[in-house]
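Here the structure comes first, spelled out in structure tokens, and everything after it is commentary.
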């Protein structure tokens, strides 16, 4: 096997100043991997500057980095042992450059976690270890560096070994080995430090790396062929991409997700190949031609139909947050899934994880460098696999304003396949009035439609609450709209007067429109006095199960004090006839779904009460009931 095929990528991580760059410098020196004259050149530069030579200067090639004494960029450096080629990914330890560390570690086969023998396990050490866990790296060795600074004490080594082993065990990681080293002197890197540390009987660092193996392409997994692009030459379309898992064969019938369209593979093409190719497998970049011109686009995932990825519009991910602005519920981000990009909304922050002690806390935001379990919602269906089943398709990168602000891995928890909810066969189209049923709209939106009917006296706070609640719902990714007297009377009911009969017709029209909006998947919030139970009953009949009556309660005295439009004063003077509460009765709801008393609760509290009720109602166990929704769609 060629050296290139044997290449092993190693990421080196650890707290700033724990000696990563020095370690890499020694690795290069001890394997004879320096460019000729490089060492002498750097020593001469140090002599001219009257600066003591450091092995880390071999890596810190930028003047700014030398001046700041920190590694800023992710650097890839090659060296070679008798067994194979290595590429070292030097990932920064400084917390401001964790983004580069994540980028580097994502392409590694193995990792070296560096711990300073004197300073011990620090917060950044634990954060880096947790990131390695999130990225799925299993081949990890820990080096306790700067043993010379603690007199090569075996007890100190044992103490730190016990601490780091316990932490790694808590996140489900078992280190391959823990090695005491002194990178400055080359102890236990390429050669055993028998004189300095005769008590250590394990392998050197290089011997340990030679035990590791490159991560094999998942050939035995279900086929995953993300489409990178579609090319057309001489009227032939070539679907191009890299096979990330499994095998693809000439004659296979492929299912493309999320469209659910199928086509047969006519040919498999490879660059420069002149022979008929019958199959390709994970790790190979290919093009395929199909037997029919179905629509295929970048980001589609080709698979075999019996083992396709799940189609979801909500999923949970373990996320490491890098953004300067906190991640909050309702925020919108772009995510990258293999070759696909989608816009998602933060539906909930399920818990924030402390990397220090792995405790879990409830918070309403995620700050920079924090880890959290997040539920995302997408307006479109996404084809994905949980990370445990497919590392390539199970990772996400989170982007805001063209800047990477986070990354994570997709959890299998709560994943419900919606493939059959939105893709019905022609056989059952006759059973529904619309091609899109309410259940399909619900799974697409991430919430059910609803009529939220606010009723109460003039001045009780209905319109104020409706507008505030609309804003709160919209910020949390919910499709919503307010119907009130102002927008309804200008159009829908502009032909109506203010007689008793006209007011009844006004409420009837509002009830019917709100019901249609709910059927379309929106949360329609109405803010009308609607004083008569009979009118509200008709609105409930129109809305059916989607109707929710909320009594905005306030006594007449309070409403007259507020009198935001001066209507009560005019009614008392007789200028307004049949005014509810003065010259016309108001019939309070007998069994409303919710009562909010604006005389005893502030506006913020009332908004929160209504918002939480709506969210619980329209989302609730929606994700757990996907199968029942699918039954409703196909019934």
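The values are calculated or read from the model by the stated rules, or taken from the named source; none is laboratory data. Owing to the predicted nature of the structure, the values given are computational and were not obtained by experimental measurement. Note: ideal-geometry Cβ built from the backbone for every residue, glycine included; neighbour counts use all protein chains shown.
Selection over segment 555-567 of residues that are surrounded by 15 or more Cβ atoms within 10 Å (Cβ to Cβ) and out of contact with any helix residue (DSSP H, G or I) (no Cβ under 8 Å at 6 or more places or on another chain) gives a count of 4. Given the conditions (1) over 18 Å from residue 488 (Cβ atoms); (2) surrounded by 18 or more Cβ atoms within 10 Å (Cβ to Cβ); (3) over 45 Å from the mean Cα position of the chain (by Cα), which single one is not true for residue 577? That leaves (2) as the condition not met. Summed over segment 333-366, residues that are free of Cβ contacts under 8 Å to residues at least 60 places away in the same chain, within 27 Å of residue 296 (Cα to Cα) and surrounded by 14 or more Cβ atoms within 10 Å (Cβ to Cβ) total 3.
Here's the yes/no breakdown for (1) within 34 Å of the chain's Cα centre (by Cα); (2) closer than 29 Å to residue 111 by Cβ; (3) in the same structural domain as residue 378 (by TED's automatic domain parsing):
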| position | (1), (2), (3) |
| --- | --- |
| 230 | yes, no, no |
| 242 | yes, yes, no |
| 258 | yes, no, no |
| 274 | no, no, no |
| 283 | yes, yes, no |
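Please work out if residue 295 is within 18 Å of residue 390 (Cα to Cα) and in contact (Cβ under 8 Å) with a residue 12 or more places away in the chain. Break it down into steps so the answer makes sense when it comes.
Details: within 18 Å of residue 390 (Cα to Cα): no; in contact (Cβ under 8 Å) with a residue 12 or more places away in the chain: yes.
Taking the combined requirement at face value, the residue does not satisfy it.
Give 312, 344, 399, 296 a once-over and let me know the one that is farther than 25 Å from residue 442 by Cβ and assigned to a strand (DSSP E or B). Talk me through it step by step, then tell me what you get.
Numbers: 312 fails: farther than 25 Å from residue 442 by Cβ; 344 fails: farther than 25 Å from residue 442 by Cβ; 296 fails: assigned to a strand (DSSP E or B).
Just a single option satisfies the conditions, and that option is 399.
Restricting segment 367-396 to residues that are surrounded by fewer than 19 Cβ atoms within 10 Å (Cβ to Cβ) and part of a strand (DSSP E or B), the residue that is modelled with the lowest pLDDT is 379. Note on segment 211-227: among residues that are buried (at least 16 other Cβ atoms within 10 Å of the Cβ) and over 16 Å from residue 384 (Cβ atoms), the one that is modelled with the highest pLDDT is 212. A single member of 98, 27, 42, 113 is part of a helix (DSSP H, G or I), surrounded by 14 or more Cβ atoms within 10 Å (Cβ to Cβ) and modelled with pLDDT of 80 or more, and it is 27.
Every residue in segment 273-293 that is assigned to a strand (DSSP E or B) and within 30 Å of residue 133 (Cβ to Cβ), please. Please lay out each step first, then the result.
Step one: list which residues in segment 273-293 are assigned to a strand (DSSP E or B), which gives 277, 279-281, 285-290.
Result: 281, 285.
Criterion applied to 468, 503, 508 was being assigned to a helix (DSSP H, G or I), at pLDDT below 90, surrounded by 14 or more Cβ atoms within 10 Å (Cβ to Cβ) and not assigned by TED's automatic domain parsing to the domain that holds residue 348, and the one residue passing it is 503.
If you go through segment 118-147 and keep only what is buried (at least 18 other Cβ atoms within 10 Å of the Cβ) and under 17 Å from residue 187 (Cβ atoms), you end up with 141, 142, 143, 144, 145, 146, 147.
Within the group 523, 552, 513, which residue is under 49 Å from the mean Cα position of the chain (by Cα) and without any contact (Cβ under 8 Å) to a residue 40 or more places away in the chain?
Working: 523 fails: without any contact (Cβ under 8 Å) to a residue 40 or more places away in the chain; 552 fails: without any contact (Cβ under 8 Å) to a residue 40 or more places away in the chain.
Only one candidate qualifies: 513.
State which residue is farthest from residue 339 (Cα to Cα) when the search covers only segment 222-234 and only residues that are out of contact with any helix residue (DSSP H, G or I) (no Cβ under 9 Å at 6 or more places or on another chain) and touching a residue at least 12 places away in the same chain (Cβ under 8 Å).
Keep residues of segment 222-234 that are out of contact with any helix residue (DSSP H, G or I) (no Cβ under 9 Å at 6 or more places or on another chain), which gives 224-234.
With the extra rule that they be touching a residue at least 12 places away in the same chain (Cβ under 8 Å), the set shrinks to 224-231.
Working: 224: 12, 225: 10, 226: 6, 227: 7, 228: 6, 229: 9, 230: 13, 231: 16 Å.
Checked segment 222-234; the qualifying residue farthest from residue 339 (Cα to Cα) is 231.
Of all helices (runs of 4 or more DSSP H) completely enclosed by segment 521-635, which ones contain at least 1 residues that are in the same structural domain as residue 461 (by TED's automatic domain parsing) and modelled with pLDDT of 85 or more? Those helices (runs of 4 or more DSSP H) span 533-543, 556-562, 567-572, 603-618.
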